[in-house]
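Read the structure below first, then the notes.
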Amino acid sequence: MADWTHGLPPVRPTTRTLPEQIADELGASLVAGKYAHGARLREQELADSFQVSRGPVREALRLLQRRGLVDVVPRKGAQAHAVTLNSIADLFNVRTALAALAARQAALGGDAGYLDTLRKRVGELQGFVEDDAAAVLFANTCTRAVRTIVKSSGNAQLLRLMGDLSEQTVWQLIWTYPLDFTTRARRADQAAIYLAMLQSIEARRPARAETLVREALDDTRDAAISVLAELRGEAVEPSRLLRSAD
């Protein structure tokens, strides 16, 4: 597969299964716009490209179908499903709205038992600031911190919706490659916001906690969309990039 990361740092090794690795690599190409809508994804061609048998490729295509990136058409096989920049931005915006509600509820009196975990995540973010190879780890830790805030909200519906969002969309593929946090200044800025977020939840300041979540996730959205727009040669509608202060 062609490198679409434009010289960004490589992904660190993982313990993911072979089909998951293929799904991530192929899914990243789909998100980057390397396949047109309806393009055939032939198992044998993909198997040859990845130098594997057709079995792992077939399972990878099933994973991508569940993630909404591949359509399986009777008698035609797997086809690429269109993923627009607008839809990716919309995904960020929905996640931000849910996370902001979770932060408000957590600060109002959620499950304090998760605060120790949130403190750990914030500490990890601070530890990654000086590591120039930590872009993906930083992004994943931000995601884990947001998930912890959702858990601490005590809102079971929010937790379910966030879980559905991560399982049924391109979200988990967006951070397969570092689309953000590639500079120390960017990581330092976000680590400071997450620390302030934690402190706002601890101090029972719901409005401040919600504002900080929106700021952090809006910044992440804008950085990721900027990289993807360059990779795909595609523009996003300005209305998709509105911020809470607009």
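The values are calculated or read from the model by the stated rules, or taken from the named source; none is laboratory data. Quick caveat, the model's predicted, so the values are computed rather than measured. Virtual Cβ from ideal backbone geometry, glycine too; neighbours counted across all protein chains shown.
Key figures
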{"read-out": "Lone unmet requirement of (1) without any contact (Cβ under 8 Å) to a residue 60 or more places away in the chain; (2) of a type in the set (Ser, Thr, Tyr); (3) surrounded by 21 or more Cβ atoms within 10 Å (Cβ to Cβ) for THR96", "value": "(1)"}
{"read-out": "Residue match in the stretch 98-115 (condition: more than 30 Å from ARG62 (Cβ to Cβ) and among the aromatic types (Phe, Trp, Tyr))", "value": "yes"}
{"read-out": "Condition check for GLN79: polar (S, T, N, Q), part of a helix (DSSP H, G or I) and over 27 Å from THR182 (Cβ atoms)", "value": "no"}
{"read-out": "Residue within the stretch 166-176 that is buried (at least 20 other Cβ atoms within 10 Å of the Cβ), modelled with pLDDT of 95 or more, of a type in the set (A, V, I, L, M, F, W, C) and closer than 30 Å to SER29 by Cβ present", "value": "no"}
{"read-out": "Selection status of THR148, within 16 Å of the chain's Cα centre (by Cα) and at pLDDT 95 or above", "value": "yes"}
{"read-out": "Qualifying residue in the stretch 212-233 (condition: within 30 Å of ASP116 (Cα to Cα), part of a helix (DSSP H, G or I), more than 17 Å from the chain's Cα centre (by Cα) and in the same structural domain as THR182 (by TED's automatic domain parsing))", "value": "yes"}
{"read-out": "The listed residue being farther than 30 Å from ARG243 by Cβ, in contact (Cβ under 8 Å) with a residue 60 or more places away in the chain, outside the structural domain of LEU228 (by TED's automatic domain parsing) and surrounded by fewer than 19 Cβ atoms within 10 Å (Cβ to Cβ), out of ARG42, ARG66", "value": "ARG66"}
{"read-out": "Candidate set: the stretch 106-118, residues that are surrounded by 15 or more Cβ atoms within 10 Å (Cβ to Cβ) and either free of Cβ contacts under 8 Å to residues at least 40 places away in the same chain or of a type in the set (Lys, Arg) (or both); chosen: the one farthest from LEU158 (Cα to Cα)", "value": "THR117"}
{"read-out": "Hey, GLU59 over 12 Å from the mean Cα position of the chain (by Cα) and not in a helix (DSSP H, G or I) or not", "value": "no"}
{"read-out": "So ALA103, is it over 23 Å from LEU228 (Cβ atoms), in a helix (DSSP H, G or I) and touching a residue at least 40 places away in the same chain (Cβ under 8 Å)", "value": "yes"}
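Here's the yes/no breakdown for (1) charged (D, E, K, R); (2) under 30 Å from LEU61 (Cβ atoms):
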residue	(1), (2)
ASP131	yes, no
ARG144	yes, yes
SER153	no, no
LEU159	no, yes
GLY163	no, yes
ASP180	yes, yes
ARG184	yes, no
GLN199	no, no
THR211	no, no
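Residues checked against (1) at pLDDT 90 or above; (2) more than 26 Å from GLY33 (Cα to Cα); (3) in the same structural domain as ALA107 (by TED's automatic domain parsing); (4) not in a helix (DSSP H, G or I):
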| residue | (1), (2), (3), (4) |
| --- | --- |
| ASN140 | yes, no, yes, no |
| LEU158 | yes, yes, yes, no |
| MET162 | yes, no, yes, no |
| ARG187 | yes, yes, yes, no |
| ILE193 | yes, yes, yes, no |
| LEU198 | yes, yes, yes, no |
| ARG204 | yes, yes, yes, yes |
